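Have a look at the structure below before the remarks.
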Amino acid sequence: MADRLLKLRYLATCSTCASSLAPGDRGWWDSGSHTATCTACRPPDRPAPSTEGVASTPALTDGLPAFSPLGAPGGSAHREFLRRHRKRETEIEQRWGHLSGVVKFLSDDPPSTKAWAKGSEGERKLAAHLVKAIGGQAIMLHDRRIPGTRANIDHLVVAATGVWIVDAKSYKGKVEQRDVGGWFTTDSRLFVGGRDRSKLAAGLFKQTLAVLTALDDVALDVDVIAALCFVDSEWALLAKPFVQGGVVVTWPQRLCNSISEPGPLSRDDIILVAECLAARLPAAAVN
């Protein structure tokens, strides 16, 4: 079926500019590829791009293909927010009956629920930054499922430098690495806003293992780099990215700079690796 201009029913991300499209927004929806395009990238009066004589996989500016579905940045986090939000509203309706509207108006979702919405927005912001900064130099896959688990990978970026596993975080406060060891011991920890967040780095072990497993039979020597990217946090004036438990801790612009450095993978290598990851770590379900 050809793509249609309609009011979107679910959260989506523009396949061209990676901007966020909320439920109710107008956009072009391609039911075949399950991708959306915003009306800024394709105005309502612009016809669909011609596919005559064009390969089924469209090319970016440098010849790297776009994959379908790319995945919707922040999709899993947003769905979890909606699940918790709707569960709370249902419980209020069951308990308060005809007064439930008043209770909903006077109350709010708990911080644990709102954190999922905040995390989803952080993933979308980072995806948009990646597309703007390095869109022609890498292939990006968002919100990928880890088969056999409920876990997901926020972003996979395949570039000449290798495969980047990026976990986006929307935390407030200053990001820093502190040595909390004694006189003769070293114990480096990740702190954000004065709180020990070292477990965030440890959380990427499962994601890294999933990527390495997916690439097990690829006949290439591919570097796999795990990164925590803090989207809304503060950094000291002369701060630099650092490594915590084998994970690079950084911010969006420095992440893009690192990804776009020269590397050993050729254009064909990048495509091969991305195709393998797209097949073995599928995009999370849209609904």
Report task. Note the full-extension length gain between Leu220 and Arg95 as 0.36 nm times their separation in residues minus their Cα-Cα distance, in nm to one decimal. Result -> 39.1 nm
Report task. Take the Cβ-Cβ distance between Ser266 and Thr213 as r, set R0 to 22 Å, and report the resulting FRET efficiency rounded to the nearest 0.05. Result -> 0.40
Query raised in the report: Between Thr39 and Ala202, 0.36 nm times their residue separation minus their Cα-Cα distance comes to what?
Result: 54.7 nm
Requested in this report: Normalise the Debye intensity by I(0) for the stretch 59-280, one equal point scatterer per Cα, no solvent, then take log10 at q = 0.09, 0.12, 0.18 Å⁻¹ and round to two decimals.
Outcome: -0.43, -0.71, -1.30
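To one decimal place, what Kirkwood hydrodynamic radius in Å is obtained for the stretch 161-276 from all pairs of distinct Cα atoms?
15.5 Å
Read the figures in this text as sums done on the coordinates, not as results from a lab. Remember, predicted model here, so these are calculated numbers, not experimental data. Counting neighbours? That spans all protein chains shown, and the Cβs are built from the backbone with ideal geometry, glycine included.
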